[in-house]
Amino acid sequence: MTKHIIAMLPAGFACSCGERGEGGERPTALASRHQLAALVQDAMNDSGPLVINCLVCNGESLLPATDDDTITTYASWLRSPCRLCGRKPSDIA
């Protein structure tokens, strides 16, 4: 299991894995792309589930990383409300 806990910054993000994203885009869009890339990488490396966080309230979620349904898993998570704040990740990014 790996963790990619993201802290939002004024012009980007910082992840617990050490990666930082900065640029002219919306910071939440950059952070969301990083979350997807982390899930795909974990699925390819057979690393097991991935812990990521809500970009609004920082509530943590556990996503299973499987080769077969990685994109489907992420898409489902995007459309599901956060269990703590009720916001959908798709509405934030």
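Bear in mind that the values in this text are calculations on the coordinates, not laboratory data. Quantities reported herein were computed from a predicted structural model and do not represent experimental measurements. Heads up, the Cβs are rebuilt from the backbone with ideal geometry, glycines too, and the neighbour counts pull from every protein chain shown.
Add +1 for every Lys or Arg and -1 for every Asp or Glu among the other residues with Cβ under 13 Å from the Cβ of Lys3, and state the total. Please list the in-between numbers first.
Numbers: positive: none; negative: Glu19, Asp42, Glu60.
Cβ neighbours under 13 Å give a net charge of -3.
With the simple model of a label 7 Å out from the Cα in the direction of the Cβ, Arg20 to Gln41 spans 1.7 nm.
Please state, as a whole number in µm²/s, the translational diffusion coefficient that the Stokes-Einstein equation yields for the chain at 25 °C and 0.890 mPa s, with Rh defined as the Kirkwood radius across alpha carbon pairs. Using the Kirkwood radius from Cα pairs, D works out to 187 µm²/s. Axis angle, to the nearest 10 degrees, between helix 70-79 and the longest C-alpha principal axis of the chain: 40 degrees. With respect to the chain, whose longest principal axis is taken over its alpha-carbon atoms, helix 27-44 is tilted by about 20°. Determine the sum of side-chain charges near Arg33: Lys and Arg each +1, Asp and Glu each -1, restricted to other residues whose C-beta is under 14 angstrom from that of Arg33. Combined, the nearby Lys, Arg, Asp and Glu give -1.
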